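Enquirer: Sharing a structure below in structure tokens format, with a few things to ask.
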């Protein structure tokens, strides 16, 4: 397994286990490598649209579907609560973890609360809708805005 | 990328911002997209769908609008 794959798995497993983004030093310690090795790999994973980093180049803002910062889209899995980057990623977290979940979010216009149960086979029937304003060709131009 | 309780509320959201209404996606469709994108994300061989695969996934889910084309310049 190449280094970037090991690093990606370390990042994603940290998110899955703790609900939070790992610190640079935590990843370096787990992989027994230098901080600079991790920074350089982060840059490559950003270029490949695997991670989205803060401007410091070492803080993970997004490892889709996981968010490194609190958002309005919370996903409850067992006793853990994850933050998703967007409505799509809110369903992406139970899909990635292969576990039952409850998605807590709200209507983008009215603020009405959404509580959606998602099993491993999919969500309960719902009349709610998903709307994306940014065309697919431009999603990664500004992923935070998207 | 937001949830909305109804189509009318999506339209109100767009009108308030002066932006066009985009294709609406049901929760069932969104789940299919979430699975296609993320079901293998924690596996060693995981990878993001490329442009051709994205088109296939969107078409399979019933989303055929050029809005979903990852390489179109129609919206630039």
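Every number here is computed from the coordinates shown, using simple stated rules; none is lab data. Keep in mind it's a predicted model, so treat the numbers as computed, not measured. Here the Cβ positions follow ideal geometry from the backbone for every residue, glycine too, while neighbour counts run over all protein chains shown.
Enquirer: Quickly estimate the mean residue ellipticity at 222 nm for chain A, helices only: each DSSP H run with n ≥ 4 gives -39500 (n - 2.57), and the total goes over all residues, rounded to 500.
Expert: The helix contribution divided over chain A gives -10000 deg cm²/dmol.
Enquirer: Ok, one more. Rounded if a/c is under 1.5, else prolate if a/b beats b/c, else oblate: with a ≥ b ≥ c from the C-alpha gyration tensor eigenvalues square-rooted, which is the range B:24-76?
Expert: Oblate.
Enquirer: Under the definition of partner shielding as Cβ atoms of other protein chains within 10 Å of a residue Cβ, what is the mean value for peptide B:37-49?
Expert: Mean shielding by partner chains, rounded to a whole number: 6.
Enquirer: Right, another one. Once you average over the residues of A:118-126, how many Cβ atoms of partner chains fall within 10 Å of each Cβ?
Expert: Counting Cβ atoms of other protein chains within 10 Å of each residue's Cβ and averaging gives 3.
Enquirer: If you don't mind, another one. Shape verdict for the range A:10-58, please, from the Cα gyration tensor: rounded (a/c under 1.5), prolate (a/b greater than b/c) or oblate.
Expert: oblate
Enquirer: Same structure again: Show that you can apply the helix-only estimate: for chain B, add -39,500 (n - 2.57) for every DSSP H stretch of four or more residues, divide by all residues, and state [θ] at 222 nm to the nearest 500.
Expert: After summing the helix terms and dividing by residue count, I get -13500 deg cm²/dmol.
Enquirer: How do the peptides B:10-22, A:7-19 rank, highest first, by the average count of neighbouring beta carbon atoms within 10 Å per residue?
Expert: In descending order of packing, they fall as A:7-19, B:10-22.
Enquirer: Against the longest alpha carbon principal axis of chain A, how many degrees, from 0 to 90 and to the nearest 10, is the axis of helix A:3-18 turned?
Expert: The angle comes out near 50 degrees.
Enquirer: Residue by residue through B:16-22, how many Cβ atoms from other chains fall within 10 Å of the Cβ on average?
Expert: Mean shielding by partner chains, rounded to a whole number: 2.
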